[in-house]
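Structure record follows, encoded as structure tokens.
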There are 2 protein chains.
Amino acid sequence: MAQKPSIPKGTRDFSPSEVNKRNYIFDVVKKHFQTYGFQPIETPSFENSETLMGKYGDEGDRLIFKILNSGDYLRKVDMELYASKNSTAMTPKISEKALRYDLTVPFARYVVMHQNDIQFPFKRYQIQPVWRADRPQKGRFREFFQCDADVVGSNSLLQEVELVQLYDAVFTDLKLDGVSIKLNNRKILAGIAEVIGERDKLIDFTVALDKLDKIGIEGVSKEMRAKGISDAAIEKAAPLFALSGSNLDQLSVLEKLLQSSSDGKKGVEELRFIVETLEEMGLQSAALKIDVTLARGLNYYTGAIFEVAAPDGVSMGSIGGGGRYDDLTGIFGLKDVSGVGISFGLDRIYLVLEELNLFPEAIDRSLQVLCVNFGEKEALSSLKLVSKMRSAGIKCDVYPSSAKMQKQMKYANNRNVPYVILIGEQELANNSFVVKDMLKGGQETYSLEKPEEFYKSL
Amino acid sequence: MAQKPSIPKGTRDFSPSEVNKRNYIFDVVKKHFQTYGFQPIETPSFENSETLMGKYGDEGDRLIFKILNSGDYLRKVDMELYASKNSTAMTPKISEKALRYDLTVPFARYVVMHQNDIQFPFKRYQIQPVWRADRPQKGRFREFFQCDADVVGSNSLLQEVELVQLYDAVFTDLKLDGVSIKLNNRKILAGIAEVIGERDKLIDFTVALDKLDKIGIEGVSKEMRAKGISDAAIEKAAPLFALSGSNLDQLSVLEKLLQSSSDGKKGVEELRFIVETLEEMGLQSAALKIDVTLARGLNYYTGAIFEVAAPDGVSMGSIGGGGRYDDLTGIFGLKDVSGVGISFGLDRIYLVLEELNLFPEAIDRSLQVLCVNFGEKEALSSLKLVSKMRSAGIKCDVYPSSAKMQKQMKYANNRNVPYVILIGEQELANNSFVVKDMLKGGQETYSLEKPEEFYKSL
């Protein structure tokens, strides 16, 4: 029975062109992950529910896709629970597995399970899809890839330095010049909260502070007051309003402001090491910018916090982020393993490269040569030629049937083929083949004895 | 609260070494898919249940993983159904999505949905995981990758020829010499059934015939009789027992046997075209073998049937298979689109390459150079050197802390690093670095001014 097919909300089919572009990004990222000494792991798409549940807050628990048990799954549900018809209470009885929600929790689980086989510090990368039952909307999907690199088992700040270099290397290679790598430290945020005496309002405070560029000191102060932050606190925080100039200038201001907070001082010290080392090393195309308003996943990170912004003029949220967390694996019983990691936002990077027209031109050239098919005998000669070219790594094909010339040429055009080869009756008699240059026009004849004279230059 | 973590039955974590080996196979397969003009697509991990259910038989329906609806999914279940506590009847009410069971049905769905954007003949490849709630056992997993190449929209036998060449190209590139590509045709099987008058017993017949090598003509005849195949039928089938010699010899026998069956004659004709064309073209390392007992997915294929066997001496089921199906997309309402495809059995190919020690030696060399860390100042010099090498594409790292030399060297050994660089106080003073060759022993000193004298040869 024929059905009109569709796919679930929030999921996507990827066409050849889209897969090629996505793989281009993955390949660049992977290449640099590897030169930086990261090793790949992969974990199962679904985990035992208890591995995931409770790790992402109540909202996360709701957004995790649960897999129904196989067989007569209702049989094991006791009568009383069944009678309640309570979905939330029922779920753990009829579902024991759930789809991966991110790559971080599975990574922590992996490290704990395989701790005896791992060389620490363990630098791992992982590029796999994750699933979230979020309401689908523009740019937000229910299935999407995450692309993470983390180091666990080292608390050296050299890792933070290297991760900034890694961002720079990847975006430079993608020709995406001018990204900003924003840097903060959780301890600086803690220090600010301590110094101004508004621990509870730290998030409101940073959200308001983040608008400084747009609404000015007056606007920011007003918003802070509206959120219940005291005038005394705002006054103490005044030096933050004046943060400007170079990273080193800003560090000096922070150092003074936070001198009474030991957390804060430690944060400034860490930030200074990272900034100074990177100033000495230099970056290729990215700009490193201290941003004390940066607070991604505040409760999660314990040290450095990173976020990458697309180049000026491209309107897009962050295209990468990460930070240091001091107790990743504690949830699975392995204490005191510090980790630091970054991730690349594939879907947004894709959109930025598309907008700026930065994908390599050849990416949609999935076929370099097509041989027109003039009939069985001619096609056999074409197939022999094509076999040789394929052995030389050239992407080529023979049109499968002796359809009308027009149809075959249309196919060549639609597949964006740069060279079309003709072996008709006459060429067969001469032991030759004709190559039409589809981009520049014109054609040339080669001998079938020496086909490499054509294809060696491709 | 610490949990002792585990993963679901039938799923696997892949270590760096395993991921690298799997990717090695994928990369070789992909390279040849591309030179043969195939283009990649990707489809969502889960589909609407109605896309998958009913496509794989009752057993398949049971083995499909279903995803529980989000929110208060029980609310919408009506009282009567709920009271029945019938899992089978409940499932469609509380689950609307299901995990991909293979790549063929999603591909058919893709072709129908995107028919207006596709250039036919459409040669697509797809390498993605699938999930089956099978009972896990040795070599059978609940999550595994499929790796398929199909051509739709062409009934030219050149496709079959090319797919055999593609198998040969991939296995040759993997250095897996001596695989057998077995070839049959559904129409020959139909012809045999017709000629011997045992349409209903065709599967029993081919299963028995397949044992000819092991149990001889007597044994095969006995088994056939036990299955209720008549003596008259067995006698008519006698020429099949004598099938031997070259492919062309076998074709002659088949031609005679099947002359009264128009289906059978057509099958022999198709087989002959494929075999003769490939004899003319030649294969690199595989052997093409007609095998009239080959009957994979009998109800599914309509023309050629392929199966690849590992080289003699390796005990392993088929490492690849495929065939032609005349109505792939009919289930979704697009009639008369013929397709032919092959797939590679990743997990088995992996085991065979492992058994025969055919993975490239360098595959576990995830780090080419490690710099020992002698302290902050020295490490900074190492990091500068490492940055240069990374820009040149070399996989290298600085040990993140100035741990004891012994610990750092142990790490280098465990990661199988061929070169260790030492930049200590003295080297820093001389502006030099020392390279220890971990494989051959010995060490050499280079200038930090000209580090490429070391790394250009890597």
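No lab work stands behind these numbers, since they all come straight from the coordinates. All of these numbers come straight from a predicted model, not from anything done at the bench. All Cβ positions, even for glycine, are placed from backbone atoms using ideal geometry, and neighbour counts span all protein chains on display.
Counting only DSSP beta bridges with both residues in the protein assembly as shown, tell me the antiparallel percent, nearest 5.
Of the beta bridges lying entirely in the protein assembly as shown, close to 80 percent run antiparallel.
Answer with one residue from B:Val112, B:Leu439, B:Phe374: the one whose Cα lies farthest towards the positive end of the charge dipole of chain B, charges on Cβ with Lys, Arg +1 and Asp, Glu -1.
B:Phe374
What order do you get for A:Glu50, B:Glu453, B:Glu47 when you list them from fewest to most C-beta neighbours inside 10 Å?
Least to most surrounded, the residues fall as B:Glu453, A:Glu50, B:Glu47.
Considering only B:Gln126, B:Gly54, B:Met79, whose Cα is most displaced toward the positive end of the charge dipole of the range B:31-164, charges sitting on Cβ of Lys, Arg (+1) and Asp, Glu (-1)?
Final value for the positive-end residue is B:Met79.
Taking the Cβ of each residue in B:Leu283, B:Leu68 as the centre, tally the other Cβ atoms inside 10 Å and list the residues starting with the fewest.
B:Leu283, B:Leu68
For A:Asn185, which sequence-distant residues (separation of 5 or more, or a different chain) have an amide H within less than 5 Å of its own amide H, given hydrogens modelled in the peptide plane?
Hits under the 5 Å cutoff: A:Ile305.
Give the aspartates and glutamates whose C-alpha is closer than 13 Å to that of A:Lys9, dropping any in the same chain fewer than 8 places away, or say none.
Result set, ordered by chain and number: A:Asp134, A:Glu143, B:Glu47, B:Glu96.
Which FRET efficiency value, to the nearest 0.05, do you get for A:Glu280 and B:Glu280 by plugging their Cβ-Cβ distance into 1/(1 + (r/R0)^6) with R0 = 51 Å?
0.20
To the nearest Å, what is the center-to-center distance of the range B:274-310 and the range B:444-458, using C-alpha atoms only?
53
Have a look at the DSSP beta bridges in the range A:366-455 and tell me what percent are antiparallel, nearest 5.
Bridges in the range A:366-455 are about 60 percent antiparallel.
Of A:Lys201/A:Lys265; A:Lys4/A:Lys31; A:Lys66/B:Lys395; A:Lys182/B:Lys66, which pairs sit farther than 30 Å apart, going by alpha carbon to alpha carbon?
A:Lys4/A:Lys31; A:Lys66/B:Lys395; A:Lys182/B:Lys66, as the Cα separations exceed 30 Å there.
Which residue, B:Asn357, B:Ser15, B:Phe33, has the largest displacement toward the positive end of the dipole of chain B when charges sit on each Cβ (Lys, Arg +1; Asp, Glu -1)?
Highest projection toward the positive end goes to B:Ser15.
At R0 = 41 Å, how high is the FRET efficiency between B:Lys377 and A:Glu355 if r is their beta carbon distance? Nearest 0.05 is fine.
0.40
If the reach is capped at under 20 angstrom between alpha carbons, list the aspartates and glutamates near A:Lys211, excluding any in the same chain fewer than eight residues apart.
The qualifying aspartates and glutamates are A:Glu198, A:Asp200, A:Glu223, A:Asp231, A:Glu235, A:Asp291, A:Glu307, A:Asp312.
Tell me what the protein assembly as shown gives for mean residue ellipticity at 222 nm when only DSSP H runs of n ≥ 4 count, each as -39,500 (n - 2.57), the sum divided by the residue total, rounded to 500 deg cm²/dmol.
Roughly -12500 deg cm²/dmol at 222 nm, from the helical runs in the protein assembly as shown.
Taking 7 Å along the Cα-to-C-beta vector as the label spot, tell me the B:Asp231-A:Gln115 distance in nanometres, rounded to one decimal.
That separation, rounded to one decimal, is 7.4 nm.
Determine which aspartates and glutamates satisfy two conditions relative to B:Lys85: a Cα distance under 18 Å, and not lying fewer than 8 residues away in the same chain.
A:Asp72, A:Asp78, A:Glu80, B:Asp72
Would you work out the charge dipole size for the protein assembly as shown about its Cα centre, treating the Cβ of every Lys and Arg as +1 and the Cβ of every Asp and Glu as -1, and quote it to the nearest 20 debye?
1420
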